[in-house]
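Shown next, in structure tokens, is the structure this report addresses.
The values are calculated or read from the model by the stated rules, or taken from the named source; none is laboratory data. This structure is a prediction, so every number in the text was calculated from the model and none was measured. Here the Cβ positions follow ideal geometry from the backbone for every residue, glycine too, while neighbour counts run over all protein chains shown.
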Amino acid sequence: MANFYAGFGRQEITPRVGGRMVGYGNRSHGSEGVHDRLMARVMVWEANGQRVAVCSVEMCYVAEPRIEAIRAAVARRARVPAEAVFVCTTHTHSGPHDADADNWERPLAELVADAAEQAVARLQPAHIGAAYGALLNHSINRRWMHYPVDPAIGVIRLDDATGHPLGLFTNYACHAVVLGYDNYLISGDWPGHAARLIEAELGGDAICLFSQGGCGDVNPLTDAVRAQMVSGRPIHALGQVSTYHGAPDDPTTWNIGDRGGGTFAESEALGVAFSGEVLRVMHSIRTVDAAQGIWTRHVMVDAALAPEDPRGPIPEMMLTVERPERREGQALPLEVMALGVHGPGIIMVGEPGEIFTETAVAFKRDLHLMGYTMPLVVGYANGWQTYLPPASAFPDGGYEVNWARFMGFSPQFQERVWVALQPVAAGGATHPR
């Protein structure tokens, strides 16, 4: 008798044309059309009476009120406990604002629940396996060009009883900003193109979910970016944290954060590269029955400044932005969710914002040492709290750190996450390598 079941579902969430787009602050108007349709993709796992749902939504982010609505809708319609619903976004900067309910004829939460309902209807005996790949030379650290990026691609494969793929869950760290502020067509950017390519290759009803890793300081390395890097012009990192190949005050300086001019051809090229590596890795994976079970845990981690934390100035660019009301000494609890599968040694750790490469790589390394064969760190998960940098990034300042300061977050937040996560992960790592 089978002990582990899996099912996948997919539902279109393309918004109306003309609505507000999110991801850049310098767009002058709403969307002008649709280049490619946006999707919500859901996989549901069931083992030993427990059921979890993982939802990947092709949007820039989904804030906590909408996360709560999605969890409630999935719980009601797919019979998955709300606390066992893990929601992440692909972080496309060419999609709709999650708070604009009139983007859709039906609520976004119900559309995601449509996909979850499909996944439950398709539950069947399944085997699961996972492996890493690597995608090199397609991403760049946008704060310090000579700093590391994380090239790892995580792939989780689910097969039916005959060994045919039911679907995949993938993870990679690279901002979905091939398309810039001058694009007014709705698009899933490169992750959306990659998912469509993978699903076409798998055929049938197979579905591929995408999740972002530690991409808070990582941008795509496209042909246009490469051309700028060898053009002889000075280059500013995003937020002018660093300058390369010239003087900071040179008027010809180009900024890595300037995504104007990004093309759909470049987006498709990155999608092709990613999908090719995913498919290569997928064919190497040996799947097994996850008879030993699945588990989820939530920890609330205080992001608030401690009395000893340095107080940085609020940047001028944010003085006109409505700042969250914070009282001195008030806790700022943020949800960190872990989801694991015994046997294959899989763990996903989701944080509600933009995680840096340094954090994701360190967490994955330490989780490996605890016995996990497939640790994944997922950003933009179960909420949206802008940037969540490590302590080492705060002295440099810059765009991402400025957002964290604006939100009132402590430089010690990621250290607190690991302290809270350790006992949770240790409890799940009962079947080491």
Candidates Gln292, Gln212 - the one that is buried (at least 18 other Cβ atoms within 10 Å of the Cβ) and not aliphatic (A, V, I, L, M): Gln212
Any hit, segment 70-93, residues being outside the structural domain of Asn402 (by TED's automatic domain parsing), closer than 28 Å to Val341 by Cα and in contact with a His (Cβ under 9 Å, 6 or more places away or on another chain): yes
In the set Ala381, Ala393, which member is over 15 Å from Leu305 (Cα atoms), among the small types (Gly, Ala, Ser) and out of contact with any helix residue (DSSP H, G or I) (no Cβ under 7 Å at 6 or more places or on another chain)? Ala381
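Residues checked against (1) closer than 17 Å to Leu197 by Cβ; (2) surrounded by 18 or more Cβ atoms within 10 Å (Cβ to Cβ); (3) more than 23 Å from the chain's Cα centre (by Cα):
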site	(1), (2), (3)
Met229	no, no, yes
Gly232	no, no, yes
Ile235	no, yes, yes
Thr243	no, no, yes
Thr252	no, no, yes
Thr263	no, no, no
Ser267	yes, yes, no
Gly276	yes, no, no
Selection within segment 146-166 - over 17 Å from Val377 (Cβ atoms) and touching a residue at least 60 places away in the same chain (Cβ under 8 Å): Tyr147, Arg157, Leu158, Asp159, Ala161, Gly163, Pro165, Leu166
When Phe394 is evaluated against the numbered criteria (1) in contact (Cβ under 8 Å) with a residue 60 or more places away in the chain; (2) surrounded by 22 or more Cβ atoms within 10 Å (Cβ to Cβ); (3) not hydroxyl-bearing (Ser, Thr, Tyr), which criterion, by number, is the only one it fails? (2)
Log entry, pairs with first residue in segment 247-260 being among the small types (Gly, Ala, Ser), second being exposed (fewer than 14 other Cβ atoms within 10 Å of the Cβ), beta carbons closer than 6 Å, six or more apart or on different chains, reads Gly260/Asp182
Which condition from (1) in contact with a strand residue (DSSP E or B) (Cβ under 6 Å, 6 or more places away or on another chain); (2) among the small types (Gly, Ala, Ser); (3) part of a loop (DSSP other than H, G, I, E, B) is the one that Gly371 breaks? (1)
So which of Met348, Met374, Met318 ends up being within 27 Å of Arg157 (Cα to Cα), more than 16 Å from the chain's Cα centre (by Cα) and either crowded, with 22+ Cβ neighbours inside 10 Å or modelled with pLDDT under 95 (or both)? Met374
Inside segment 98-145, can you point out the residues that are assigned to a helix (DSSP H, G or I), in contact (Cβ under 8 Å) with a residue 12 or more places away in the chain and hydrophobic (A, V, I, L, M, F, W, C)? Leu108, Ala109, Leu111, Val112, Ala113, Ala115, Ala116, Ala119, Val120, Ala121
